[in-house]
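Read through the structure below, which is laid out as structure tokens, and then see the notes.
The values are calculated or read from the model by the stated rules, or taken from the named source; none is laboratory data. Note that this is a predicted model, so its numbers are computed, not measured. Here the Cβ positions follow ideal geometry from the backbone for every residue, glycine too, while neighbour counts run over all protein chains shown.
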Amino acid sequence: MSSPNLKFKVFLNLIILIFLFTLFNFPKNLNKLINYDYENRMNDIYGYCYPQGYGFIQEIKRKFKFNNVKTINFEDFAQSDFFLDNPSKKQTTDYMILINYDENKHKNFLLDNFKIILKKQKCFLIKK
């Protein structure tokens, strides 16, 4: 025998569980976690160039073997230094990574004293 109070608690718990599954997109997020590797998930969240340039920075890290390169993000997002930081290594001062740099919009940041090593979308690797 079940009491009406017990049925109500089970019903309420079921409603709360369905609400939480919906709120946090549980099936979609579980699918991403199972079917996509770490790099793809990071690229999905932080973007190749926009918003934080994770994919571009990882490409530079693989091609040039850089650690601790200064990054500047020209949009209103957190800096992307933490994708490259390795506290045990010295910071590279000859190179800089520009994320979301629009040549027409950010004319006050001049690239005259720099050589563009790599440019993809609105991401740049520059050298002094």
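Quick notes on this one:
- Residue among T71, T92 that alone is over 17 Å from the mean Cα position of the chain (by Cα) and assigned by TED's automatic domain parsing to the domain that holds K120: T92
- Complete set of residues in the stretch 48-61 that are in contact with a helix residue (DSSP H, G or I) (Cβ under 6 Å, 6 or more places away or on another chain) and not in a helix (DSSP H, G or I): Y48, C49, Q52
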